[in-house]
1. Given the options 113, 71, 104, name the one that is closer than 14 Å to residue 211 by Cα, at pLDDT 70 or above and in contact with a Gly (Cβ under 7 Å, 6 or more places away or on another chain).
2. Filter region 188-198 for residues that are surrounded by 16 or more Cβ atoms within 10 Å (Cβ to Cβ) and of a type outside the set (A, V, I, L, M); which is farthest from residue 112 (Cα to Cα)?
3. Return the only residue of 205, 161 being outside any strand (DSSP E or B) and modelled with pLDDT of 95 or more.
Amino acid sequence: MQFLQNYFQKRTNKIIEAQDYELAEQFMNADFSFVEKDKDENGETDGLSIGKKFFYLEGIFLDLTDTPYTFPVYWNDTAPNSSVFTLGNYNGGNDDDVMIAYCFAEKKGFSKFGSYTGNGSLDGTFIYTGFKPAWVVIKRTDAINSWVMFDNKRDGTYGLSGNPRARHLYTNTSDPEDSADNYNKVDFVSNGFKVREDNTTINASGGTYIYMAFAEEPLVGDNPATAR
């Protein structure tokens, strides 16, 4: 748990106006941040995310399939810098409620954030991360589609262990695990992941996708492990 705390920061504040939020030293230049409203009296939440490498005049929602919304007030029309991110006066991300921010810093051998272009082939795009992933989240950004999550704990195709990873979850639905064996498949390999499906959710020809990936055996710290 301490290891995870070194590369993940959670901020909780009650805020009612545009405001800068300082990041701890290890999170300066955070590559991905999620800001959400804590559950209100009705048990409802709202939230948006930003990828520093992708957009700062836009917001994209974890509970929706939509493409990014161009709305500068989300981030107060201000790009994050080496030590802060800024929220504007937006009800879902900055209102008179307790807000929670989750900030992820890209660390070599531990986490990777980026984008890729689909090729529409069963021999899909390979995404280099520098480690074997344990968890990958993918979202298409140039068309409406779901957020898809893959991990190394679920069975692969046809209930077998290992690749291809076919069992997955969606952040934008309350559905149980999708166990379709012929839809949304990826391989987790020693230095990244490879898409093994030609559908539009993860591999449309010319489609643009963002992703976040975390390592199975982190290659950082005092006792780095060797990727398999």
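The values are calculated or read from the model by the stated rules, or taken from the named source; none is laboratory data. Since the model is a prediction, treat every value here as computed from it, not as a measurement. Here the Cβ is made from the backbone with ideal geometry for all residues, glycine too, and neighbour counts use every protein chain on show.
1. Only one candidate passes the filter, namely 113.
2. So the residue we want is 198.
3. Answer to the check: 205.
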